[in-house]
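The values are calculated or read from the model by the stated rules, or taken from the named source; none is laboratory data. Everything numeric here is computed off the predicted structure, so don't read it as measured data. Here Cβ is always computed from backbone atoms with ideal geometry, including for glycine, and neighbour counts include all displayed protein chains. Quick note on the areas: whole protein, heavy atoms, side chains included, nothing else; ligands and nucleic acids left out. Shrake-Rupley method; radii C 1.70, N 1.55, O 1.52, S 1.80 Å.
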There are 2 protein chains.
Amino acid sequence: MVTMSDVAKAAGVSAMTVSNVLNGHPHVSEETRRRVTEAVERLGYRMNVAARNLRSGTTGVIGLAIPDVDQPYYGRLASLVIAEAARRGYRVAVEQTGASREGEAQAVANSRLRMYDGLIIATVELGDEDAAGVFAGFPVVALGERISEAHVDHVGMANFEGARDATLHLVERGCRRIAAIGGRTEGETGAATLRTAGYLAALDEAGVPRDDALLVPCPFNLAGGAEAVRQLAADGVPFDGLMCLTDAMALGALRGLADLGRGAPGDALVTGFDDIPQAAFAVPSLTTVAPGHAEMVTAALELLTERMAGRRAEDEARNVTGPHRLVVRESTGG
Amino acid sequence: MVTMSDVAKAAGVSAMTVSNVLNGHPHVSEETRRRVTEAVERLGYRMNVAARNLRSGTTGVIGLAIPDVDQPYYGRLASLVIAEAARRGYRVAVEQTGASREGEAQAVANSRLRMYDGLIIATVELGDEDAAGVFAGFPVVALGERISEAHVDHVGMANFEGARDATLHLVERGCRRIAAIGGRTEGETGAATLRTAGYLAALDEAGVPRDDALLVPCPFNLAGGAEAVRQLAADGVPFDGLMCLTDAMALGALRGLADLGRGAPGDALVTGFDDIPQAAFAVPSLTTVAPGHAEMVTAALELLTERMAGRRAEDEARNVTGPHRLVVRESTGG
DNA sequence: TCGCTCGTTTTTAACGATAAAAACGCTGGC
DNA sequence: GCCAGCGTTTTTATCGTTAAAAACGAGCGA
């Protein structure tokens, strides 16, 4: 095992000088720098991370708390976070929380053991009441749902705007009776409520009358979407457009339409939200709102590295919203 | 920040004694143990991982090298590894290799920085020639493909036996002309070749004649499966069973059949391999070989923890094969 | 020649934990 | 009363790195 002193000896300088060279500190002559670099190379020296960590307090590791990497959306996020972190010289330790409050608390606790330089928490059961205490003084960024208005940096997606765009798109293509599959106006201020709000705003903006019968709450999955469409038909509610709050529900809605002997885009236009891989391969392929996942992750790491570098005051929590883009495919007539 | 000495002072003992209590070492009186535990509790002491790492050389972190967590199979694996490692008190740092040789080499290099106590490498571009050098003296387990016969522990899946079982199942249900979609007898000794070998062995065993026209190489994805079926029909090769080397290809094959106006299980029986989630939801649902992913991961961590504890000699590389199970669904007549 | 500055390098002293060795206190045999 | 033997606890000495302070040496004006 080659240590820093070994390198120092080989280069004829002190260990501290080697440290200075390796960390790019100023006040090192060009000649010395060259000699040290050469010795490092020759001996195959690799810095001992533990020692550096002990002395300087940084590990080069970022924690990522998500419910389960084996879920399309979170897997995607994890993949992007790992790649973007690697680009910045960090490694990522993934903590699976099982979407439980204890799991998330555990992840935060591990972070505070100084195991991680910072934490990205990509779902949130922890609430505002936890935020002030648990996260205080530690670099944390919430990705996706928001934890706390005041205490934690947050990167979100354009839930309101995306749903609004999708709805306006349907209106432009001639829809006048647009159902919001999964829509709900009450409950926590999560993605569902925001997307529903975007839908309503678009209707108002376009001068299309609202109708509460067109708000169809349902489970956020394939079966939920299918069932919601069946429900609408059974209730005799006429519709010519389906603004689904997620792609999964949209795919279910397509199946539901098929079961009724109808189809998109012939009998009704359909939009989704998320742009999951299957959306492009469905029959008909699905028009959907693509949130800028990559941009969200980049923004999250930007905020986090700023915090880790201590470049921002404790209390000014920032809030960033990622870009979004409407991807028009067959389900709304290509 | 509460240190061990703070706890020691509070409990009226030395730091070493606190260390002994915390690590469950013998020769600590019950009374002392109680006092120390109480002080730890009261002060909210958390061990500094970096210091322990520096002194003892362990980090409590396992590296996991995979191509990309955002791929169904690898996401599944990662999820299981993280959960199983957590159960054993380890955290997992995920390194994405992009399935490249450099990526994998990078992951191994990071491990050797003493960042990780061990490494699970779940795909392999590194070959036998790398194995002896790169992995020597560091706890590594290959999960899935094998790196090296002689130098690295390996947990694999029952490629041969699974394909054999699937083929025998088709024969039992009356098939006599079974095509191996994706089959190939040449190339590296990867999963594809092993599964093909299992297919051929089953045919011989059941006394069903081989036919090279029924070996249809193709890309290992949806499109590949669909194309292979189209090819068979175009070539006028008769078949009554399709043993597909992966579920993705099997789903493609179902689509291919549909495009020809045929269907499973009516016109041909179809089997897959992997038991991906979609297999159960396809129409018809897919009969497939389910490799025991969970058992494979458990075995991998068992091997790895043994290595990490230094309980096994350097050179005796072990090789474990996970269990498998044929899941019979609609595509072979339920 | 003597300070004095300034850029560079070394010295010193941790960071917080633990392995190994030394010390301690107690019992019991001679 | 002395000491060996035993179980428990403390001392000592790092692990490899880095912050902070001290030291060094060349250049320069007085």
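Could you grab me the full set of residues in the stretch A:48-64 that are more than 10 Å from DNA strand D (Cβ to nearest atom) and at the interface with another protein chain (Cβ under 9 Å from one of its Cβ atoms)?
Hits for the stretch A:48-64 are A:Thr59, A:Gly60, A:Val61, A:Gly63, A:Leu64.
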State yes or no: is A:Ala163 touching a Cys at 6+ places or on another chain (Cβ under 9 Å), assigned by TED's automatic domain parsing to the domain that holds A:Gly266 and at pLDDT 90 or above?
no
What number of residues in the stretch A:280-334 are β-branched (Val, Ile, Thr), over 22 Å from the mean Cα position of the chain (by Cα) and open to solvent by 40 Å² or more (accessible area, probe 1.4 Å)?
2
Selection from the stretch B:1-18 of residues closer than 14 Å to B:Tyr45 by Cα, within 11 Å of DNA strand D (Cβ to nearest atom) and surrounded by 13 or more Cβ atoms within 10 Å (Cβ to Cβ) yields B:Met4, B:Ala8, B:Lys9, B:Ala11, B:Ala15, B:Val18
Considering only the stretch B:28-68, how many residues are near DNA strand C (Cβ under 9 Å from one of its atoms), farther than 30 Å from B:Ser79 by Cβ and of a type outside the set (D, E, K, R)?
3
Residue tally, condition among the aliphatic types (A, V, I, L, M), out of contact with any Leu (no Cβ under 7 Å at 6 or more places or on another chain), modelled with pLDDT of 85 or more and outside any loop (DSSP other than H, G, I, E, B), over the stretch A:254-297
3
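The rows are residues; the columns are (1) open to solvent by 20 Å² or more (accessible area, probe 1.4 Å); (2) within 14 Å of chain A (Cβ to nearest Cβ).
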residue: B:Asn20; (1), (2): yes, no
residue: B:Val28; (1), (2): yes, no
residue: B:Glu31; (1), (2): yes, no
residue: B:Arg35; (1), (2): yes, no
residue: B:Glu41; (1), (2): yes, no
residue: B:Arg46; (1), (2): yes, yes
residue: B:Ile66; (1), (2): no, yes
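From B:Ala86, B:Ala93, grab the single residue that is within 8 Å of chain A (Cβ to nearest Cβ) and free of Cβ contacts under 8 Å to residues at least 24 places away in the same chain.
B:Ala86
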Return yes when B:Val171 is farther than 24 Å from B:Gly322 by Cβ and more than 14 Å from chain A (Cβ to nearest Cβ) and no when it is not.
yes
Given (1) without any contact (Cβ under 8 Å) to a residue 60 or more places away in the chain; (2) open to solvent by less than 40 Å² (accessible area, probe 1.4 Å); (3) away from DNA strand D (no atom under 12 Å from the Cβ), identify the lone condition not met by B:Leu77.
(1)
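Out of the residues in the stretch B:254-279 that are within 18 Å of B:Ala163 (Cα to Cα) and over 22 Å from the mean Cα position of the chain (by Cα), state the one that is surrounded by the fewest Cβ atoms within 10 Å (Cβ to Cβ). Show your work before the answer.
First, the residues of the stretch B:254-279 that are within 18 Å of B:Ala163 (Cα to Cα): B:268-276, B:279.
Now drop any that are not over 22 Å from the mean Cα position of the chain (by Cα), which leaves B:268-270.
Working: B:Ala268: 25, B:Leu269: 22, B:Val270: 32.
Only one residue fits best here, namely B:Leu269.
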In the stretch B:48-82, what count of residues is obtained for those that are at pLDDT 90 or above, in contact with a Gly (Cβ under 9 Å, 6 or more places away or on another chain) and under 20 Å from A:Gln106 (Cβ atoms)?
4
